[in-house]
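Please read the structure below before turning to the comments.
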Amino acid sequence: MKAPVLHTRREVLRSLVGGSLLMPGILSSLLAESAASSDPLAPKPTHFPAKAKRVIFIFSNGGVSQMDTFDPKPALFAADGKMTGVGGGLSNQQRVLLKPGWEFRPGGKCGTPVSDLFPHLRECMDDVCLIRSMKGDDNEHYNATLGMHTGSFFFSRPSIGSWVSYGLGTENRNLPSFVALAPQMPYAGLQIFNNDFLPAYHQGVRVVGGKEPIANLERRTTQRGLQELELGLADVLNNRHLAARAGDTDLAARIRTFETAFHLQTEAREVFDLDKESDETLALYGLKRGQSEGFGWQCLVARRLAERGVRFVELVDGSSAKNWDQHGDMAEHAIHAKNIDQPIAGLLRDLKRRGMLADTLVVWTTEFGRTPGVDGTKGRGHHSACFSSWLAGAGVKPGIIHGATDEIASTVVEKKVHVHDFHATILHLLGLDHERLTFRHGGRDYRLTDVFGNVVHDILT
């Protein structure tokens, strides 16, 4: 094979000054020089056959009450106002029990009970695997949110989306492998989609919605081909520079960012443009034509990103200031539920009718649950001893309930699922062994599930 002609920076700059007449030829030889360079986000083989190709991860920030949503407790209705100091998940402090604020009714043909907070989602329970036995390790928002996203409750670690990007690469080189639809920041802030010690190109790209979902997407010039030529040249020179600094992940990330940013100027505009969606589809998500924000918008954009090959899409529901953390009055749960109920149900229905639910894993969770006893005036406190989450889609048994809590939803009594087990199961559905998906940092191998965790095989098809 003929060796490529190497050009100096001086030759390149001289051609630019000369009107770029020589640039196409120089760029062609430079591209040949770097053709063998590897793409760190190229698709990677799975450890074993995968059921899911992608994940849509919905996070409701603030601590959603299990006994007011997905875990009915008749005994708690009867015990309203009574004192208790028992129950494995409660502290020794005496508490006045508080009855749930909403009635439960069976959903779908499977009959899974869901409260009146989620009437639309209740109709979709035939497609949902409900886990009532979730367990975390911390009762503070920051730590619990960190744990749910990174597997570490006390130290910064890579987020689950970054681990998925690292383990699988991307199916679409024109879009990021990991996108966070986060108009507002939840507890733990940017850490929920941070790469931490993983190479920087695995960090999630934040999308905020509105007229400019991603800042600075306008092209620098309208002259046909000029921007492509300039960026192609920059890419070749940058990769030559990187070849001598193979361990510099920040440099590699900047190079990859240039490439992604350019493609985003074309493909991302199409993703966020909902004009071609039918009125029926918009109505499914509770959207009005022209609307470019709100949780319905997040859900529809998540579907559009998923069908274009984005590996991991997170939807953030709520901020660190306005969320599900109802200490004062549990009635406020109704405001937040109304915001997400129809959009999530619409997302599940839309994925299913398009045949995408078969290879898309939809996850809904919160960071922890709430106490059976009253906190404040008419609210509930933080409670990591038990809470509810659910999964739907690829490889998950539909229409089932896994695990159980005691009669007042204070502690897990059957089939506990720790956050590490939850993460291990998500990775398993993607064809990744959570014990083999590791990254060496600071002299040791790290993984999403820390030092323990088991795949919950009972919920898998």
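The values are calculated or read from the model by the stated rules, or taken from the named source; none is laboratory data. Quantities reported herein were computed from a predicted structural model and do not represent experimental measurements. We place every Cβ from the backbone using ideal geometry, glycine too, and count neighbours over all the protein chains shown.
So here's what we get for this one:
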item: Long-range neighbours under 6 Å by Cβ, at least six apart or interchain, first residue surrounded by 21 or more Cβ atoms within 10 Å (Cβ to Cβ) within the stretch 115-135, second of a type in the set (Phe, Trp, Tyr); result: SER115/TRP102; SER115/PHE104; LEU117/TRP102; VAL128/TRP390; LEU130/PHE70; LEU130/TRP390; MET134/PHE387
item: Residues located in the stretch 276-293, provided they are out of contact with any helix residue (DSSP H, G or I) (no Cβ under 8 Å at 6 or more places or on another chain) and under 15 Å from GLY209 (Cα atoms); result: GLY290, GLU293
item: In the stretch 266-294, the residues that are modelled with pLDDT of 95 or more and part of a helix (DSSP H, G or I); result: ASP279, GLU280, THR281, LEU282, ALA283, LEU284
item: Residue match in the stretch 296-318 (condition: touching a residue at least 60 places away in the same chain (Cβ under 8 Å) and either more than 27 Å from ASN195 (Cβ to Cβ) or more than 19 Å from the chain's Cα centre (by Cα) (or both)); result: no
item: Conditions (1) buried (at least 24 other Cβ atoms within 10 Å of the Cβ); (2) in contact with a strand residue (DSSP E or B) (Cβ under 6 Å, 6 or more places away or on another chain); (3) farther than 24 Å from ARG122 by Cα; number of the one not met by LEU427; result: (2)
item: Strands (runs of 3 or more DSSP E) contained in the stretch 85-201 and holding at least 1 residues at positive phi; result: none
item: The one condition in (1) modelled with pLDDT under 95; (2) closer than 22 Å to TYR187 by Cβ that THR84 fails to fulfil; result: (2)
item: Inter-residue pairs, beta-carbon under 8 Å, first touching a residue at least 12 places away in the same chain (Cβ under 8 Å) and more than 18 Å from GLY63 (Cβ to Cβ) and in the stretch 175-201, second part of a loop (DSSP other than H, G, I, E, B) and of a type in the set (Lys, Arg), 6+ apart; result: LEU175/ARG308; SER177/ARG311; PHE178/ARG311; ASP196/ARG157; PHE197/ARG157
item: Residue among LYS416, LYS378 that alone is among the basic types (Lys, Arg) and touching a Ser or Thr at 6+ places or on another chain (Cβ under 8 Å); result: LYS416
item: Selected residue (criterion: surrounded by the most Cβ atoms within 10 Å (Cβ to Cβ)) from residues of the stretch 57-84 that are in a loop (DSSP other than H, G, I, E, B) and under 27 Å from the mean Cα position of the chain (by Cα); result: PHE70
item: Filter pass, GLU140 being within 24 Å of ALA331 (Cα to Cα), touching a residue at least 40 places away in the same chain (Cβ under 8 Å) and among the acidic types (Asp, Glu); result: yes
item: All positions within the stretch 354-368 that are assigned to a strand (DSSP E or B) and either out of contact with any strand residue (DSSP E or B) (no Cβ under 7 Å at 6 or more places or on another chain) or not polar (S, T, N, Q) (or both); result: LEU361, VAL362, VAL363, TRP364
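One line per residue, one yes/no per condition, for (1) surrounded by fewer than 24 Cβ atoms within 10 Å (Cβ to Cβ); (2) free of Cβ contacts under 8 Å to residues at least 60 places away in the same chain; (3) in contact with a Pro (Cβ under 6 Å, 6 or more places away or on another chain):
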residue	(1), (2), (3)
LYS288	yes, yes, no
SER292	yes, no, no
ASP341	yes, no, no
ARG349	yes, no, no
VAL363	yes, no, no
THR371	no, no, no
